[in-house]
């Protein structure tokens, strides 16, 4: 009798398994065909596998399948679905659009007018970046927290094409998602992970140029494959960007809002005004795409090399928009350029200070000790506490100047001689690295 009872039990279990198999196969095939599993760019672990065990293991498997998908091998996370605004049905007047964009930014974030104009010009560039050889990074910095950086990225995220906000980003994800989606990267909290991440900085640097790419091996046969890195990118952080990224950026430095400075809170569920602007922006960009490919806007005097590269797309957009925007864009460039010395490397900074000292003294030569004393006396510069809290020395100055092939020599000052520099030794470096700016 017990044997027959066991047989009945085993038979019933087998019948139930046969009946369930077609339904299980159908669920698996449905999950594999689902568009929600079309893109996987994460570095996450594989889904848990089955393990022998009791009711606890079965319960864990059931919870995992219910949460992720009916299929046992469903991907983790969510598929990336990056929105693109539907273009406005009628043609759009460019100057009025840029004016509205600048005003919309200032509605939510307190900043100088020229900074809002810079951000407004960067937005159409994010729609048109593939028409340019360069996509300048937008550096959104502040000296402290609560200055509006995240809010600015939120506002811009409603206006750009294919926005991809990220408060953290790995190098492996960055080049894969750019290759697959060509998004507009909106990187927040970069001060928490970017400075010490050489690989990610290299990818963001290479994405500045149309030909930017990284090479990785793929598959079991390790086939070398190229992944594009060219994509618009805004980066928000406390402090300053690393020098190589800052050199590839147009910059907006935000300050904390005073109590008497009005700003409307950004609400993600009340963005109709921004969504309308996004549609108009998409239409204007579509209508002027071919025009951008051939644009070569005139630069203000003293603007060339990397700075000119970064601003060329923005000036091209301003010229195409017309009205007062060609002048507004160049005013913004001049304002940004006027403060650029503050972001220069230490070598450029010391070169600029030496030029100022020679001009102030109206001298044609200076001893190294005298030059160092003058540098260390400049308030707000790092020279007085250059190394370990100690002032810049003559040997330290020589090391800073060596890459410019400016080397101290023996000079005569009155009846005495000393190690020092003739101003003539600096003229080549002044001309190459410190162009005169007309502001």
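Suppose we filter segment 167-199 for residues that are in contact with a helix residue (DSSP H, G or I) (Cβ under 6 Å, 6 or more places away or on another chain), surrounded by fewer than 21 Cβ atoms within 10 Å (Cβ to Cβ) and under 11 Å from residue 229 (Cβ atoms); how many remain?
So the count comes out to 1.
One residue is enough: does segment 97-113 have a residue meeting the conditions under 16 Å from the mean Cα position of the chain (by Cα) and touching a residue at least 40 places away in the same chain (Cβ under 8 Å)?
So far as segment 97-113 goes, no, none of its residues is under 16 Å from the mean Cα position of the chain (by Cα) and touching a residue at least 40 places away in the same chain (Cβ under 8 Å).
Given 237, 241, which one is outside any loop (DSSP other than H, G, I, E, B), touching a residue at least 40 places away in the same chain (Cβ under 8 Å) and at negative phi?
Checking each option against the conditions leaves just 237.
What's the number of the only condition in (1) surrounded by 15 or more Cβ atoms within 10 Å (Cβ to Cβ); (2) in contact with a helix residue (DSSP H, G or I) (Cβ under 8 Å, 6 or more places away or on another chain); (3) outside any helix (DSSP H, G or I) that residue 257 fails to meet?
The one condition residue 257 does not meet is (2).
Can you find a residue in segment 408-422 that is under 15 Å from residue 352 (Cα atoms), surrounded by 15 or more Cβ atoms within 10 Å (Cβ to Cβ) and at pLDDT below 95?
Scanning segment 408-422, I find no residue that is under 15 Å from residue 352 (Cα atoms), surrounded by 15 or more Cβ atoms within 10 Å (Cβ to Cβ) and at pLDDT below 95, so the answer is no.
Return a yes/no flag: does segment 151-165 have any residue that is farther than 26 Å from residue 329 by Cα and not in a loop (DSSP other than H, G, I, E, B).
yes
Does residue 208 satisfy the criteria of being in contact (Cβ under 8 Å) with a residue 12 or more places away in the chain and within 15 Å of residue 129 (Cβ to Cβ)?
So residue 208 fits the description; yes.
Anything in segment 377-409 that is part of a helix (DSSP H, G or I), over 34 Å from the mean Cα position of the chain (by Cα) and farther than 16 Å from residue 348 by Cα? List them, or say none.
Those that are part of a helix (DSSP H, G or I), over 34 Å from the mean Cα position of the chain (by Cα) and farther than 16 Å from residue 348 by Cα: 394, 395.
The values are calculated or read from the model by the stated rules, or taken from the named source; none is laboratory data. Fair warning: this is a prediction, and the values are worked out from it, not measured in the lab. Backbone-built Cβ (ideal geometry, glycine too); neighbour counts: all protein chains shown.
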